[in-house]
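To start, the structure under review is shown below, and the notes come after it.
The values are calculated or read from the model by the stated rules, or taken from the named source; none is laboratory data. All values derive from a computational prediction rather than experimental measurement. Quick reminder, even Gly has a Cβ in these numbers, built from the backbone with ideal geometry, and neighbours come from all protein chains shown. The protein model used for the area step is the full one, side chains on, heavy atoms only, and it has no ligands, DNA or RNA in it. Shrake-Rupley method; radii C 1.70, N 1.55, O 1.52, S 1.80 Å.
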Amino acid sequence: MAPSCTDGVNALAGSCVFCEIVEGRRKAAILHEDSEVLAFRDILPQAPTHILIVPKTHFRSASAVTDPAVWGKLMAVAGRLVSELGLEEEGYRLVVNNGPQAGQTIPHLHVHLLAGRAFRWPPG
Ligand code: 5GP
Ligand code: ZN
């Protein structure tokens, strides 16, 4: 059985979908890549623009992050994409689902960047 990804390490032999994308073993439409962060289009978009921003290092959820710099790097990429894609004026939503009740389905930390339609509040 393939070993599970472990928080805080790159999971070369792991079974995490987003680690596979980070490692180039699974295809994705990549919009941004640097040494620590990858951003790619969601395979099942919930809005005209739906991008996932992930740390290259595996964290199972927001709760597993102890270094606040991780958030800084993810948010910096979000801001850059918002600017590059011209999303500021109409607005956009950043979402982090954590755990079963929040609907997290992929246990590798990711920020959803959604735009291109009106979003309801409170969220469903
Ligand atoms: P969550 O529900 O965990 O907050 O979000 C996981 C997201 O990952 C979902 O929006 C889902 O559509 C997306 N996703 C799942 N598998 C893949 C994949 O193989 N490639 C891409 N690009 N997105 C995926
Ligand atoms: Zn992972």
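Points to keep in mind about this one:
- Computed over the chain, the percent of Cα pairs more than 16 Å apart is 61.
- Normalising the average separation of contacting C-alpha pairs (under 8 angstrom, six or more residues apart) by the number of residues puts the relative contact order of the chain at 27 percent.
- Carbon + sulfur, % of accessible area of region 17-115 - ligands and nucleic acids excluded, 1.4 Å: 52 percent
- Taking every protein chain into account, the accessible area of the chain amounts to 61 square angstrom per residue (probe 1.4 Å).
- Those GluC sites (Glu not before Pro) in region 40-124 that DSSP places in a loop and that have at most 14 other beta carbons within 10 Å: E88, E89, E90
- For region 32-39, 3J(HN,Hα) computed residue by residue from phi via the Karplus equation (6.51, -1.76, 1.60; θ = phi - 60°) reads 8, 8, 9, 5, 10, 9, 10, 10 Hz, glycine and proline entered as x.
- Rough spin-label spacing in nm, given labels placed 7 Å along Cα→Cβ, for T66 and E33: 3.0 nm
- Computed lengthening from E23 to T6, 0.36 nm per intervening residue step minus Cα-Cα distance: 4.6 nm
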